[in-house]
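**Q** Provided herewith is a single structure, encoded as structure tokens, for subsequent inquiry.
The values are calculated or read from the model by the stated rules, or taken from the named source; none is laboratory data. Since we're looking at a predicted model, the values are computed, not measured. No Cβ is skipped: glycine too gets one built from the backbone with ideal geometry, and neighbour counts run over all protein chains shown.
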Amino acid sequence: MPRSRTSAAATTSRGRVAGVAPPTVERLWTIGEVSAFLGIPIATLHQWRYLGTGPDAYRVGKHLRYSPVAVQAWLESECRREVSA
């Protein structure tokens with residue numbers, strides 16, 4: 001009789017390895033969420049993107065998305081730049 005294959009690591013019903021946390025990925029923000037967070041119009045974000053300033057944005061299909069960490073880092077760098085000027 002053929003023996004069934006067994007894995008050295010136990011897996012859950014969803015195929016994940018037991019005892020290992022799945023990788024965490026932050027949900028990306030939409031342009032509307034960034035606009036609300038920064039308190040600026042969406043048009044300003046579009047203009048900054050055109051000029052090459054502002055927080056980095058990524059295209060996901062036809063949509064713009066922003067990393068919350070990158071937006072917050074950009075904001076902190078802008079605040080430091082304003083204070084030192």
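**Q** Confirm whether Ala73 is under 20 Å from the mean Cα position of the chain (by Cα) and either at pLDDT below 70 or among the small types (Gly, Ala, Ser) (or both).
**A** yes
**Q** Kindly list, by first and then second residue, each pair from a residue in the range 18-38 that is over 15 Å from Arg65 (Cβ atoms) to a residue that is among the hydroxyl-bearing types (Ser, Thr, Tyr) and part of a loop (DSSP other than H, G, I, E, B), limited to pairs with Cβ atoms under 6 Å and residues at least 6 apart or on different chains.
**A** Correct list of pairs: Ala18/Thr12.
**Q** The conditions are (1) modelled with pLDDT under 95; (2) of a type outside the set (Phe, Trp, Tyr); (3) farther than 28 Å from Cys79 by Cα, and Arg27 fails exactly one of them. Which is it?
**A** Condition not satisfied by Arg27: (3).
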